[in-house]
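Data first, discussion second: the structure below is written as structure tokens.
The values are calculated or read from the model by the stated rules, or taken from the named source; none is laboratory data. Being a predicted model, the structure only gives us computed values, none of them experimental. As a convention, Cβ positions derive from the backbone with ideal geometry for all residues, glycine included, and neighbour counts pool all protein chains shown. SASA here: full protein model, heavy atoms, side chains in, ligands and nucleic acids out. Shrake-Rupley method; radii C 1.70, N 1.55, O 1.52, S 1.80 Å.
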Amino acid sequence: MRKHVPFIFLAVSLALSACSGGGEPKASDSPPPTKEDIAYYDCLKDNGVKLTHTDYGAPRVDKDDPTAIKNLPAAQEACKDKVPPPRSPEPADPKMLAEAQAESKCLREQGVAWYPDPDPVTGYIDDRAVTSEQMVELKTKHVDALRKCKKDRGSDNAVLGG
């Protein structure tokens, strides 16, 4: 299954606001491994895959070990009944969700009829809902709409391409 892309508006907003500040996410921002995660990685290890652990204790395949990479497909097959269930999505911050919904509505009002609403729980736009061609069109043909919708949210420092 393909991953969901974070708020498309967020990516566009970053481009429009010159991408200043913020900082990168830290490993400690990730949730700790579940019992199911640990059981799955223990199974991989038992099937010849060397593991490493992140700073926050989560097991990961040691991608620097050629033997681990070589053994991985067979180990994944042997451990397929232990694959942990997907985690429940983290709910979006209500303010960010409201802003994403308002931006989607604004963009549609400005003529970007195909622009989807974000998921009502996560705030993400499903990457299957938008094509790469549409994203190029959004960034090239609808710059004024992007600026207007960003300005409507109270940010008038829209600088494209920063």
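Can you tell me which residues in the stretch 99-113 are surrounded by 14 or more Cβ atoms within 10 Å (Cβ to Cβ) and among the hydrophobic types (A, V, I, L, M, F, W, C)?
Residues satisfying the conditions are Ala100, Ala102, Cys106, Leu107, Val112.
Could you please give the count of residues in the stretch 100-136 that are closer than 18 Å to Lys151 by Cβ and either touching a Gly at 6+ places or on another chain (Cβ under 9 Å) or in a loop (DSSP other than H, G, I, E, B) (or both)?
Number satisfying all stated conditions: 6.
Identify all residues within the stretch 38-58 that are within 23 Å of the chain's Cα centre (by Cα) and among the small types (Gly, Ala, Ser); write none if there are none.
Gly57, Ala58 - these are the residues of the stretch 38-58 that are within 23 Å of the chain's Cα centre (by Cα) and among the small types (Gly, Ala, Ser).
Condition first: over 15 Å from the mean Cα position of the chain (by Cα) and open to solvent by 80 Å² or more (accessible area, probe 1.4 Å). Now tell me which residues in the stretch 114-129 satisfy that. So that I can check it myself, show each step before the final result.
Taking the stretch 114-129 as the starting set, the residues that turn out to be over 15 Å from the mean Cα position of the chain (by Cα) are 114-117, 120.
Passing the criteria: Asp117, Pro120.
Condition first: in a loop (DSSP other than H, G, I, E, B), exposed (fewer than 14 other Cβ atoms within 10 Å of the Cβ) and either modelled with pLDDT of 90 or more or of a type outside the set (Gly, Ala, Ser) (or both). Can you find one or more residues in the stretch 137-155 that meet it?
Within the stretch 137-155, not a single residue is in a loop (DSSP other than H, G, I, E, B), exposed (fewer than 14 other Cβ atoms within 10 Å of the Cβ) and either modelled with pLDDT of 90 or more or of a type outside the set (Gly, Ala, Ser) (or both).
Residues of the stretch 49-92 being open to solvent by less than 80 Å² (accessible area, probe 1.4 Å) and of a type in the set (D, E, K, R), which ones?
Asp62, Asp65
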